[in-house]
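First the structure, in the form of structure tokens, and then the observations on it.
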Amino acid sequence: MQSETKAHMEKLTSPAGHPVTVLRFEGDIASTSKDAVLGTYQALPKATVRSVLLDFSKVDYINSSGIALVIQMLIEASNSDQKVYAFGLSPHFTKVFTMVGITKYAGLFATQAEALAAL
Amino acid sequence: MPSRLGYEKVAMSTAAAVAKLMGFREDRVEDLKTAVAEACINAMEHGNRLNEGLSVGVVLSAGQHALEVKVIDDGKGLKELPPKPDMDRKMHGEEDPRGMGMFLIQALVDEAEWVAGANGKSSYVRLVIRLDAEAE
């Protein structure tokens, strides 16, 4: 019933010249998404990855279990001195992420271009 | 619905279809979708403890000015509402990263009421979104 979460990683460079690791998600972000969300993040080399950009532009459904996975990622990133940013959330999920306080620990942007320009 | 995660999307889509027919704005429909999905997930996980032999009931009642959604499970219901989630405490490992469902429900609809069923069964959450909130 839930659509499978797909994730893939891409390396980009911001206009300011900073390396950025982009995690692109597709499908639902729910309790079944642990491997796709946390697993993909945990496979990144912590020693070299400093900025992680989450792409939600192809995600239609995020529930509280999925938000909890994002928070777990933010906790691990904070402990590793990494910065996390996100873009592509719908206006509704931008509101939800703001309501639960995620924006204090992850910058939200409308588009990839806006996010990269700020890094 | 069976108490199987993922089926909350059936209730969510049905409630959204009714709300659209009633004339709710798109952003309010999105609020309702999340609230209904979270209510169903709570009913499956906490009320019915993911026992697929137990059903979750969803009743939509479209009134002239409001849409009421009741989500019914076979649990004993809540003794008290959990505290509002605290992102700082979650980030510092002092609070479970989960546990935001009820907060989201309360924040996204105009009324939310949790009612414990008699004899420890048929507990329900009742959600209401009102058309007159559209002008806010």
Label-point separation in nm, B:T14 to A:E76, each point 7 Å along Cα→Cβ: 3.7 nm
At least 18 Å along the helix axis (C-alpha) and Kyte average at least -1.0, DSSP helices within chain B: B:8-22, B:26-42
Three-way shape call for the protein assembly as shown based on the alpha-carbon gyration tensor, with the a/c threshold at 1.5: prolate
Segment B:24-136: C-alpha gyration tensor shape, a/c 1.5 cut-off, then a/b vs b/c: oblate
From phi via Karplus (6.51, -1.76, 1.60), per-residue ³J(HN,Hα) for segment B:46-61 in Hz, x at Gly/Pro: 9, x, 9, 6, 6, 7, 5, x, 9, 9, 10, x, 10, 10, 9, 10
Surface/4 of the Cα convex hull for segment A:6-118, nm²: 6.1 nm²
Lysines whose Cα lies under 18 Å from that of B:K79, excluding same-chain neighbours fewer than 8 positions away: B:K121
Average beta-carbon neighbours from other chains, 10 Å sphere, peptide A:63-73: 6
Residues whose placed amide H lies under 5 Å from that of A:L53, excluding near-sequence neighbours: A:T21, A:V22, A:L23, A:Y85
In segment A:6-118, lysine pairs closer than 20 Å at Cα, eight or more apart or cross-chain: 11
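No value in this document is a laboratory result; all are computed from the given coordinates. This structure is a prediction, so every number in the text was calculated from the model and none was measured. Counting neighbours? That spans all protein chains shown, and the Cβs are built from the backbone with ideal geometry, glycine included.
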